[in-house]
């Protein structure tokens with residue numbers, strides 16, 4: 001039988017975080033230990049899902065054995081609406097909420113319901129690669145605005161304004177940011193909202209890490225200050241509530257003038273097409289958002305210590321510099337060495353030392369710069385081992 005050709009839409013789909021794993025597995029087959037610092041999965045390390053979330057699923061087994069509403073259960077949607085209102089996004093009701101299979105499905109369905117071939121949304125550069133991967137799949141145009149490394153990775157507001165064109169449908173914001181760990185200031189956020197309003201487009205904001213903040217950093221939800229500018233917000237229980245395997249996410253709209261009605265209905269159509277989110281996880285979402293929040297204090301304290309170590313060790317390596325992350329659990333150091341590409345640097349580092357990070361090309365960066373993303377989730381012992389290996393590699397290779 002002749003080979004079956006995949007659709008042309010898949011040709012430019014990339015997801016650097018996972019595309020690099022098969023290479024690491026080949027390194028392991030050669031007998032080298034690999035330290036995986038590529039994927040933001042807390043459960044690979046010394047973190048556990050809060051027990052009351054498991055209990056909520058087990059206590060509701062009978063209710064969870066069948067299909068649930070395609071938009072999510074009433075209980076889960078009300079929990080998300082309450083969470084949004086408590087964060088400052090006033091007036092959100094369960095009718096504004098849709099539960100999804102993790103934050104990733106929320107992003108995918110949101111883009112699928114929005115973009116026609118040739119159209120674009122403005123995405124940050126660097127960005128979480130699911131955005132650009134899906135835009136490529138939908139035959140949209142990649143339209144990136146830069147984050148300014150010299151200003152703690154804040155969005156370049158002037159760059160946003162000049163890159164809006166007649167085909168631009170929305171501005172995507174990610175704060176706390178993946179991959180840089182930056183947290184957007186209220187001033188910058190307000191400037192971007194004002195630009196969106198002036199150009200009659202909406203804000204799509206990814207707030208997955210909104211509880212993971214360091215140094216008493218303040219997080220401002222976009223919907224809390226947007227007033228008459230429409231905002232779609234996505235998040236999940238994956239990171240804040242240490243449950244990435246549950247695949248519990250959501251999106252909600254702040255839409256005081258009804259500008260998003262038709263668009264939101266289109267997302268609902270897609271949600272009905274895939275029947276619905278995972279039924280047991282609806283009860284875990286309720287328990288996470290309505291239940292005890294005790295784990296967050298311990299989680300942030302643990303992560304901040306590991307952030308401090310990461311920031312210190314990276315900046316002690318000649319040829320590597322790093323802006324201090326203010327949230328999430330990623331650092332995005334700059335490589336200031338005579339390299340051809342950061343992809344080549346990362347793959348050679350993996351082959352030589354077994355340390356797996358993700359090359360900056362997979363997230364985007366300003367021309368002429370080189371970076372890699374590193375996850376600082378592991379215990380300090382593991383992080384120090386990795387930094388010793390990176391430092392030794394750089395000294396040996398570039399001294």
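Bear in mind these aren't lab numbers, they're just calculated from the coordinates by the rules spelled out. If you're wondering where the values come from, they're calculated on a predicted model, not measured in any experiment. Heads up, the Cβs are rebuilt from the backbone with ideal geometry, glycines too, and the neighbour counts pull from every protein chain shown.
The table below gives the values:
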item: Neighbour-count ranking [beta-carbon atoms within 10 angstrom, fewest first] of 109, 98, 58; result: 58, 109, 98
item: Mean ellipticity per residue at 222 nm, deg cm²/dmol - from DSSP H runs of n ≥ 4 across the chain, formula -39500 (n - 2.57); result: -12000 deg cm²/dmol
item: Sorted by Cβ neighbour density within 10 Å, fewest at the top, the residues 47, 204; result: 47, 204
item: On Cα atoms only, tilt of 279-290 relative to the major axis of the chain in degrees; result: 80 degrees
item: Shape call, the stretch 93-150: gyration tensor on alpha carbons, a/c limit 1.5; result: oblate
item: Rg ratio (alpha-carbon, reference 2.2 N^0.38 Å) - the stretch 35-186; result: 1.25
item: Burial ordering of 54, 153, 250, fewest other beta-carbon atoms within 10 Å first; result: 54, 153, 250
item: Stretch gain in nm, segment residue 341-residue 141, where the contour uses 0.36 nm per residue and the Cα spacing is subtracted; result: 69.6 nm
item: Size of the stretch 51-290 as Cα extents on the principal axes (Å, biggest first); result: 54, 42, 31
item: The chain, relative contact order in percent, only Cα pairs under 8 angstrom and at least six apart counted; result: 24 percent
